[in-house]
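The values are calculated or read from the model by the stated rules, or taken from the named source; none is laboratory data. Since the structure is predicted, the reported quantities are computational estimates derived from the model, not experimental observations. So basically every Cβ, Gly included, is an ideal-geometry build from the backbone, and we count neighbours across all protein chains shown.
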Amino acid sequence: MLIYLPIAEVSVNMFVLLGLGGLVGMLSGIFGVGGGFLMTPILIMIGIPPAVAVATEANQIVASSFSGVLAHFKRMTVDIKMGVVLLIGGLVGATVGVEIFKYLKSIGQVELLVTLSYVVFLGLIGGLMFIESLNAIRKSKKPGVLPKKRRHNWIHGLPFKMRFRTSGLYISVIPPLLVGVVVGILAAIMGVGGGFIMVPAMIYMLGMPTKVVVGTSLFQIMFVTAYTTLSHAMQNFTVDAILALLLLTGGVIGAQIGTRIGVKLKAEQLRILLAIMVLAMCFKLALDLLLVPSELFSIGAGGK
Amino acid sequence: MLRIIIAATLWIATPLLAQESVVVDLSQNKVEITTTFSGSNIFVFGAVKRDTPLPAGTGPLDVAIVVEGPLETVTVRKKEKKFGIWVNAEAIEIQEAPSFFTIATTRPLSEMLNEGDLRDYAIGLNYAVRPQPQSITNADTESFSEAIIRIRTDNGLYSERVGLINLTEDTLFEADIRLPANLVEGDYTARVYLVRDKNIVADASVGIVVRKAGLEAWLYNLSRENALLYGLLSILVALAAGYGASEIFRRLRR
């Protein structure tokens, strides 16, 4: 059944959108990621204008992260203080991101920026995750090797220290603020929550305990994407409510199913599967930039 | 505007040819884009009126029907390979490109009408999409307007259909015009031209109003006129869906 999207101004099959939402929601449930990095490029591929895809996807992530953060609140696995620090950075980053987006939209380079950011970040994260999980699988076969103890690094020399009780940390607020800024920019430009950057940064850079990482990152993502949605809606007029509604209906159902499947798989297997998926998407997008396009021309709205 | 002036002057200048006139109507002159809009068909039909019998030796009658969407300014960008990747480089602004254009004729255009009239009345795709003289910066503008025609033809927005008109007894004519699902809002026109001996002998036009309706119109207008409220509403819906989903599945688990 075709449905006309009021802001995107294209007609798309409703069941394709519901199915996509469900599928990506399921993957995000299995792997514990937002799924924005998969959904945004897919939306662009099926013909949604990139600007609309990015802004609308931010809106969808509000729903999925809220659903997730509720569960984490019940388990008391959210470090609210850390979340707020990350959020302050995130709001600054998102403001900058929306401005960059607006400028590039006016000179016709949004598509390039979105694709390039995807290739770089997906390649980086996917590659690291792949190597890491390969090593983890190899190590798990050789018993008796103890994991390395965390050492003090440069982060502990920075000023403005603050105590984060839930995480059991006493560190400077500068690194989490910076992580927040980077994630905020990405959220605005790529239409992603940024969990795939934030989660590793929280574990490896900030040294947060794994059990509070996901809940805290979801907490930050929910507010940053809500803010991004609002900024895009007000400055770029690119949030499509009907598209968002279809995607999140499929998404929330898929996520619940995915969570159940995720429990049955082993952590290393999960990570390597996710790494392969991330790398595949990165490869596809890189090809688009490198191969001769089948249509060299594109039509955009005129005027400034 | 220019097209109307030309049409008016030509009409005054050629009173002798105006022995025939044309009456035209549409099956509907309002198209509503609703949520389930999947395109629409418009029936353009009409009749030829003759006050006096035709002089001997007059050529056969041909009819052309043009349905055109609102003109819009578009920017056409061309990709180029820079630093090893394909990026948008050269851009040209085309000021008057119809958002929708379809033409139905009884015969191929070049066979039935002279070049001057085709150009002046913008009959045919290559005359409907033209770069404005002031925006011409290099000699390759042709490829940019060709690109618009190619891309929009692929999208079903532009078409030229020879022989789509049914002409009965040189008097009654009808054509079924397909409006695709990816239509934009605006004031559309249906123009009808009667042609004899490669010259336009009569013409008429009717307007078609294409509007978003219902939920579509409400959402679109809200997003432009009250963006803050629209944004907040979008977030609220997302939060409600997130909460709803976790509640429903929590209850299902019990």
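Quick look at the numbers
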quantity	calculated
Residues of segment B:17-45 that turn out to be at pLDDT below 80 and either under 17 Å from the mean Cα position of the chain (by Cα) or of a type in the set (S, T, N, Q) (or both), as a count	1
Unique residue being within 14 Å of chain A (Cβ to nearest Cβ) and at pLDDT 90 or above when the list is B:Leu183, B:Leu228, B:Leu179	B:Leu228
Pairs with Cβ under 8 Å, 6+ apart, first in segment B:78-94 and within 8 Å of chain A (Cβ to nearest Cβ), second of a type in the set (Gly, Ala, Ser) and surrounded by 19 or more Cβ atoms within 10 Å (Cβ to Cβ)	B:Lys78/B:Ala147; B:Ile94/B:Ser145
Residue in segment A:253-271 that is farthest from the other protein chains (Cβ to nearest Cβ), counting only those that are assigned to a helix (DSSP H, G or I) and surrounded by fewer than 17 Cβ atoms within 10 Å (Cβ to Cβ)	A:Gln269
Matching residues in segment B:101-132 - criterion: being closer than 27 Å to B:Glu185 by Cβ and touching a Leu at 6+ places or on another chain (Cβ under 7 Å)	B:Phe101, B:Ala104, B:Ile123, B:Gly124, B:Tyr127
Some residue of segment B:105-120 being touching a Gly at 6+ places or on another chain (Cβ under 6 Å) and more than 30 Å from A:Val114 (Cβ to Cβ)	yes
Among the residues listed as A:Leu247, A:Leu273, the single one being under 19 Å from A:Val54 (Cβ atoms) and hydrophobic (A, V, I, L, M, F, W, C)	A:Leu247
Residue that is nearest to the other protein chains (Cβ to nearest Cβ) [pool: residues in segment B:143-157 that are among the hydrophobic types (A, V, I, L, M, F, W, C) and in contact with a Pro (Cβ under 8 Å, 6 or more places away or on another chain)]	B:Phe144
Close pairs from segment A:87-107: first touching a residue at least 24 places away in the same chain (Cβ under 8 Å), partner of a type in the set (Phe, Trp, Tyr), Cβ under 6 Å, at least 6 apart	A:Leu87/A:Phe223; A:Leu91/A:Tyr227; A:Ala94/A:Tyr227
So B:Ile103, is it surrounded by 21 or more Cβ atoms within 10 Å (Cβ to Cβ) and farther than 23 Å from A:Gln109 by Cα	yes
3 or more residues among the β-branched types (Val, Ile, Thr) and over 15 Å from B:Ile65 (Cα atoms): qualifying strands (runs of 3 or more DSSP E) within segment B:102-221	none
Segment A:202-247, residues that are surrounded by fewer than 21 Cβ atoms within 10 Å (Cβ to Cβ), away from chain B (no Cβ under 14 Å) and outside any loop (DSSP other than H, G, I, E, B)	A:Ile203, A:Tyr204, A:Met205, A:Thr210, A:Lys211
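Let's see how each residue does on (1) assigned to a loop (DSSP other than H, G, I, E, B); (2) in contact with a Pro (Cβ under 6 Å, 6 or more places away or on another chain); (3) at pLDDT below 85:
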{"position": "B:Ala8", "(1), (2), (3)": "no, no, yes"}
{"position": "B:Pro15", "(1), (2), (3)": "yes, no, yes"}
{"position": "B:Ala47", "(1), (2), (3)": "no, no, no"}
{"position": "B:Thr52", "(1), (2), (3)": "yes, no, yes"}
